[in-house]
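Presented below is the structure to which this report refers.
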Amino acid sequence: MQTFKDFKREVFAKRPDVKKAYDDLELEYALIQRIIDMRINHGMTQAQLAKKIGTKQSAISRFEAGGSNPTIGFLQRLADALDVKMRVTIS
């Protein structure tokens, strides 16, 4: 059975456009994974986090699945609810 890592390597070798699209999403998915990890470390469900920031569980679910385009305000509310600081830098 082929591993996902081997599959990616094979596809990326054949399709540079697929690799570029994958790489373009790296930052977005890293941010999402960090928020998920922090939520879990705080022992919170999606519903509990949603209630804490004044939204619905479905909004948290869409965000965590990569199905939304969150605003800076939404991300700041998540950071506040998880007791972490959010920094945005452009260099």
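Add +1 for every Lys or Arg and -1 for every Asp or Glu among the other residues with Cβ under 14 Å from the Cβ of residue 77, and state the total.
That works out to +3.
Mind giving me the FRET efficiency for residue 56 and residue 17? R0 is 25 Å, r the Cβ-Cβ distance, nearest 0.05 is fine.
Step by step, r from the Cβ atoms, then E = 0.10.
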Relative contact order of the chain, please, whole-number percent, based on alpha carbon pairs below 8 angstrom and at least 6 residues apart. 20
Between residue 45 and residue 79, with labels modelled 7 Å along Cα→Cβ, what's the label distance in nm to one decimal, could you check? 2.8
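Laboratory data are not the source of any read-out in this text; all were calculated from the coordinates shown. The structure presented is a predicted model; accordingly, all values stated were derived computationally and were not measured. Neighbour counts are summed over all protein chains in view; Cβ atoms, including those assigned to glycine, are modelled from backbone coordinates with ideal geometry.
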